[in-house]
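Peer 1: Below: one structure in structure tokens.
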Amino acid sequence: MINATGLMKSFGKTPVINDVSVSLAAGGITSIVGPNGAGKSTLLALISRLMRADAGTVTVDGLDVWTTPASVLARRLSILRQDNHMTARLSVRDLVAFGRYPHSQGRLTLEDKAHVERALDYMALNDLQHRFLDELSGGQRQRAFVAMVLCQDTDYLLLDEPLNNLDMKHAASMMKLLRRVSVELGKTIVLVLHDINFAGYYSDQIVAMRDGRVLRQGPPAEVITSEVLREVYDMEIQVREIDGKPLALFYE
Amino acid sequence: MPHEANLRLPGRRVGEQRFVTPGRPALVLGLLGMIALVSICCFMTLGVKGNWGFVLPYRGQKLAGLLLVACAVALSTVLFQTVTNNRILTPSIMGFDALYVLVQTGIMFFLGTGVFALMDPFLRFGMEVVLMIGFSGLLFRWLFLGEERSLHLVVLIGIICGVFFRSVSNFMQRMLDPNAFQVLQDSFFASFSTIDPMLLKLSWVVVLAIVLLLWRMGHVFDVLNLGRATAINLGVNYRRVVITILLIISVLVAISTALVGPITFFGLLVASLAHGLIGNSRHRYILPAAVLLAVICLVGGQTLLERVFAFDTALSIIIEFLGGIVFIVLVIRGAAR
């Protein structure tokens, strides 16, 4: 269970997160949606201790993220940001193996290796495992990074726009995969997504944000509605139900 | 199945896994080590005329100084690039050694020649290092600890700081009386033959202690290389580790600047060469490679110039020239990306 209470964060004088209290139940996929500048990524960064909140607290299974030792938290919660620029020259396998760092401090045990293999398998990276990251396409890189956090084997996975850079096919397979991870391995997955239809189709919970506040939280059927979307995105969006899933037509 | 037997011991350590070209880093390190050894032998033995009993200790001390500078510059540059997650900036480009000159000038300026010249060299060196750590701590903490900042901003701030430190030092040096200035200038351009042997020993002890500390921290560096967010995600106590490394860098820069004065592009040269030659980013290969390259450049270069070309002072100029070219190439390549 992730509990955020009274979170505030400003950059300079601009408030980005404005008194957000939200609790995300363990298990399943939760998607955070909202327009640009709503504070989605910032909220994720605050939850995952990448940023320090000006006020408020975040706890993960009762552990305060800011006071719990980094290495303890790294075995509970992992975070992947959208921009993973780095100077290091690494092969895919090396990168994925870094996911075991919180558990083994750089010395891989056999158990760690099994985790690496499994993560590579899961993300279908076996053929690419010896390629260097700078030789991969954007989508392949993205998969490699997801494999790394998967390999970290934490109860909570926070992913900031994991569908960035992915075409339809890879986006769909990424979401299927995340669902598989959440069902088979019992992980709690929190995503920031831009495409509300992906969010509606694959999530168990949706958190809708705007202007640094949480407007609505609930299952897709309650959040993906014309009324809520009007409030969130400031535009008229028709919602149809197809095969029991809400589908928003925002192309008009 | 032989696999089964292994799986029953899940906690067994199996060492580092093998990488794409496991042979290459080892091969490069071996080669570099050999070249470094040859350079050292040549440096010690070439062109000896007269009493070996005099020449060997004399050259040995010079060699100890060169090796020390090589270690300090290579380690500080590679670590700095790791911490700041870039391949262009080095402590000297960011003005660390200008800061050291400023600290020295400041001590002279405010305490006077008498105190400066008569002060116990250990005490003076210790004081300079402490001041250096304090200032660089203050200055560079906010640059590298908070959110990730744009590299261009950091470069600009570094260059401005460097110019500022140099100008303030120059200003103070102009206000000094000529005698004081003379003493001060001597201490900037300490040549290898005039190093205080006790100071050299002290510096060696400090550098060895640092190497030991780095050895124990070793596993963190590769993780820091992945960037701030990923390092935090993987459970690195980012603030503490980065502060520790920046402090270590301050000490290393202080030592090398105290011994040979500011050298701007040398560190960049050896760090870039090390990354290029090794081919991956593992610090267990990069750090020794950079040190060996620095040894080859300094000791080998010095031997070539002294014995073969019979020049005496041009080594730093040549190194700076090559390093400067590397810097320009890196900036252009970075801009093209």
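Peer 1: Inside 10 Å of the C-beta atoms of A:60-70, what's the mean count of C-beta atoms belonging to other chains?
Peer 2: Across the residues of A:60-70, the mean count of other-chain Cβ atoms within 10 Å is 1.
Peer 1: A follow-up question, please. Is there a simple number for the mean count of other chain Cβ atoms within 10 Å of the Cβ of residues in A:88-98, and what is it?
Peer 2: Per residue, the number of nearby Cβ atoms from other chains is 5 on average.
Peer 1: Separate question: Once every Cα of chain A carries one equal point scatterer and solvent is ignored, give the base-10 log of I(q)/I(0) from the Debye formula at q = 0.12, 0.16 Å⁻¹, two decimals.
Peer 2: Values returned for q = 0.12, 0.16 Å⁻¹ are -0.71, -1.22.
Peer 1: Could I ask something else about it? Length gain on complete extension for the stretch A:ASP64 to A:GLU222, per 0.36 nm per residue less the alpha carbon to alpha carbon distance?
Peer 2: Between A:ASP64 and A:GLU222, full extension yields 53.8 nm more.
Peer 1: Next question, about the same structure. Could you report segment B:69-336's accessible area per residue, 1.4 Å probe, as an integer in Å²?
Peer 2: Details: 11420 Å² over 268 residues.
Averaged over the residues of segment B:69-336, the accessible area is 43 Å².
Peer 1: I'd like the trypsin sites (Lys or Arg not before Pro) in segment B:37-108 restricted to DSSP loop residues with at most 16 other Cβ atoms within 10 Å, sorted by number.
Peer 2: Passing sites in segment B:37-108 are B:LYS49.
Peer 1: While we're on this one: Roughly what % antiparallel, to the nearest 5, for the DSSP beta bridges in the protein assembly as shown?
Peer 2: 60
Peer 1: Right, next: Grab the protein assembly as shown and count how many Lys pairs have their alpha-carbon atoms under 22 Å apart, sequence gap of 8 or more, or different chains.
Peer 2: 9
Peer 1: Can you tell me the FRET efficiency between A:ASP243 and A:GLN105 if r is taken as the Cβ-Cβ distance and R0 is 41 Å, rounded to the nearest 0.05?
Peer 2: On the way: r = 48 Å, r/R0 = 1.16.
E(calc), rounded to 0.05, equals 0.30.
Peer 1: What three numbers, in Å, describe the spread of the alpha carbons of segment B:69-336 along their principal axes, ordered from the longest?
Peer 2: 55, 45, 37
Peer 1: First check a/c for segment A:75-203, with a ≥ b ≥ c the square roots of the eigenvalues of its C-alpha gyration tensor; if it is under 1.5, answer rounded, and if not, answer prolate when a/b is larger than b/c or oblate otherwise.
Peer 2: In terms of gyration-tensor shape, oblate.
Peer 1: Would you kindly calculate the translational diffusion coefficient of segment A:1-71, applying Stokes-Einstein with the Kirkwood radius from alpha carbon pairs, for 37 °C and a viscosity of 0.692 mPa s, and quote it in µm² s⁻¹ without decimals? Intermediate values should be presented prior to the final figure.
Peer 2: On the way: Rh = 12.5 Å.
Answer, rounded: 262 µm²/s.
Peer 1: Let me ask something else about it. Measuring from label point to label point, each 7 Å out along Cα→Cβ, what is the B:VAL308 to A:GLU135 span in nm?
Peer 2: Here the modelled spin labels are 3.6 nm apart.
Peer 1: Points 7 angstrom from Cα along the Cβ direction at A:ARG230 and B:PHE321: gap in nanometres?
Peer 2: Output for this residue pair reads 7.6 nm.
Peer 1: Which value in deg cm²/dmol, rounded to the nearest 500, describes the helix-derived mean residue ellipticity at 222 nm for the protein assembly as shown, given -39,500 (n - 2.57) per DSSP H run of n ≥ 4 and division by the residue count?
Peer 2: Value at 222 nm, helices only: -18500 deg cm²/dmol.
Peer 1: Shifting gears a bit: Give the B-A buried accessible area in Å², both sides summed, 1.4 Å probe, nearest 100.
Peer 2: 3200
Peer 1: Here's a follow-up. Tell me the relative contact order for chain A as a rounded percent, counting alpha carbon contacts under 8 Å between residues six or more apart.
Peer 2: 25
Peer 1: Looking at the protein assembly as shown from every direction and averaging, what is the projected area of its Cα convex hull in nm²?
Peer 2: 32.4
Peer 1: Sequence gap at least 6, Cα distance under 8 Å: using those rules, report the relative contact order of segment A:176-221 to the nearest whole percent.
Peer 2: 26
Peer 1: I'd like the carbon and sulfur percentage of the solvent accessible area for segment B:69-336, probe radius 1.4 Å, heavy atoms only, ligands and nucleic acids excluded.
Peer 2: Roughly 72 percent, rounded to a whole number.
Peer 1: Place a point 7 Å from the Cα of B:ARG333 along the Cα-to-Cβ direction; which residues of segment A:59-92 have their backbone N under 18 Å from it?
Peer 2: Counting backbone N atoms under 18 Å from the label point, the list is A:86-91.
The values are calculated or read from the model by the stated rules, or taken from the named source; none is laboratory data. These numbers come from a predicted model, not from an experiment. Reconstructed Cβ throughout: ideal geometry from the backbone, glycine too, with neighbour counts over all protein chains shown. Areas reflect the complete protein model, heavy atoms only, side chains present, ligands, DNA and RNA absent. Shrake-Rupley method; radii C 1.70, N 1.55, O 1.52, S 1.80 Å.
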